[in-house]
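Visitor: Before anything else, here's the structure in question.
The values are calculated or read from the model by the stated rules, or taken from the named source; none is laboratory data. Predicted, not measured: the structure shown is a model, and the values here were computed from it. Backbone-built Cβ (ideal geometry, glycine too); neighbour counts: all protein chains shown.
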Amino acid sequence: MIGIRRRLGNFHASWRAAAAIVLAFALDGCAQVYYATIGSAEGAHEVVAHRGIVFDAQHDLALDVYTPRTENGPAPIVVFFYGGSWEGGRRRWYRYVGEALAAHGVIAVIPDYRKYPAVRFPDFMRDAAAATKWAFEHASEFGGDAQRSFVMGHSAGGHIAALLACDKRYLAEVGLTPRALAGMIGLAGAYAFLPYQDDEAKIFGNNAKGRYESQPINFVDGDEPPMLLLQGKDDDEVAPNNAEVMAERAQAMDGTAVLKLYPDTGHGDLLLAFARARAGHPPALRDTLAFIAHPPARPADSPSH
């Protein structure tokens, strides 16, 4: 997604037919056509969708909540931020991500957020913090456990999730701390993406302050929640080095980052793994669910410290 400009076509094919389209148009960045098509497919019968819930009336922002149809006690919650180079995307395109998580007992919250050029950094971060706060406050209404709240995102959405987990300022504005999160899950996230590409200088500010504050890796100090960093080795849009150096930094600062590098996996493959027919390879869904079920303890929280 990062640094790629896309054209969104109006395709109404099945998601299987769309797979062929994506292969034919491999240069189409985030393959938003494909994701939108998957998101419009018939939903999972074991999932209940609550759509169009306004969480920020001032900025006309809404979110969708996907819950398991059968409750088995308070469920973990994931707030998922989609990608799109901080410029594009809609929450409804990622319905299949919400359904995949909810079908496995996880409550998924998928919010929209403001984007460039309507806003610049850090306005969309404040939107993300507000959505996270909403999830905490309304967890019990949907059968969720606020103490098991995770933030998650793909590409630019992974960047947003990582900044929420590492830069304390955004959650502090809504009365939360990163340590209130049970974990952060990044799928091909942009954590250390200098030098800027395309519109990134306009989005974040082409000055020392913008270059520093835009990079999640600069805020890793060991006080963030456990992180799961999923990355395809064949990603040519967000370099795998983003996840690698982020994991190294976390470990060096006495934090916890679980790094999963998948061979023969590109940028969009991590998301497609959440579609039911693609749940096996790469095992991004399986690894995500395992992390949510048993997030690792941070070294600083272990009995030896």
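Visitor: Across region 224-239, which residue is farthest from Ala165 (Cα to Cα) among those that are in contact (Cβ under 8 Å) with a residue 60 or more places away in the chain and touching a helix residue (DSSP H, G or I) at 6+ places or on another chain (Cβ under 9 Å)? First the steps, then the outcome.
Guide: Here is the first cut: in region 224-239, the ones in contact (Cβ under 8 Å) with a residue 60 or more places away in the chain are 225-228, 237-238.
Adding the requirement that they be touching a helix residue (DSSP H, G or I) at 6+ places or on another chain (Cβ under 9 Å) leaves 225-228, 238.
Details: Pro225: 7, Pro226: 9, Met227: 9, Leu228: 12, Val238: 20 Å.
The residue in question is Val238.
Visitor: Okay, moving on. Go through the residues of region 72-83 one by one and say whether even a single one is crowded, with 24+ Cβ neighbours inside 10 Å, β-branched (Val, Ile, Thr), part of a helix (DSSP H, G or I) and out of contact with any Leu (no Cβ under 6 Å at 6 or more places or on another chain).
Guide: Within region 72-83 (the criterion being crowded, with 24+ Cβ neighbours inside 10 Å, β-branched (Val, Ile, Thr), part of a helix (DSSP H, G or I) and out of contact with any Leu (no Cβ under 6 Å at 6 or more places or on another chain)), the answer is no, since none of the residues qualifies.
Visitor: Only one of Ala250, Ala293, Ala277 is over 17 Å from the mean Cα position of the chain (by Cα) and modelled with pLDDT under 95; which?
Guide: On the way: Ala250 fails: modelled with pLDDT under 95; Ala293 fails: modelled with pLDDT under 95.
Being over 17 Å from the mean Cα position of the chain (by Cα) and modelled with pLDDT under 95 holds for just one of Ala250, Ala293, Ala277, which is Ala277.
Visitor: Scan region 240-289 for residues that are touching a residue at least 40 places away in the same chain (Cβ under 8 Å) and on the phi < 0 side of the Ramachandran plot and report the count. Spell out how you get there, then give the answer.
Guide: So in region 240-289, the residues touching a residue at least 40 places away in the same chain (Cβ under 8 Å) come out as 241-243, 245-246, 254-256, 267-268, 270-272, 274-277, 279, 282, 284-285, 287-289.
From what's left, on the phi < 0 side of the Ramachandran plot: 241-243, 245-246, 255-256, 267-268, 270-272, 274-277, 279, 282, 284-285, 287-289.
Looking only at that region, the number is 23.
Visitor: A follow-up question, please. Just need a number here: residues in region 95-130 that are surrounded by fewer than 24 Cβ atoms within 10 Å (Cβ to Cβ), under 27 Å from Pro74 (Cα atoms) and of a type in the set (Lys, Arg).
Guide: Matching residues across region 95-130 total 0.
Visitor: For the structure I just gave you, tell me whether Ala75 is among the small types (Gly, Ala, Ser) and in contact with a strand residue (DSSP E or B) (Cβ under 6 Å, 6 or more places away or on another chain).
Guide: yes
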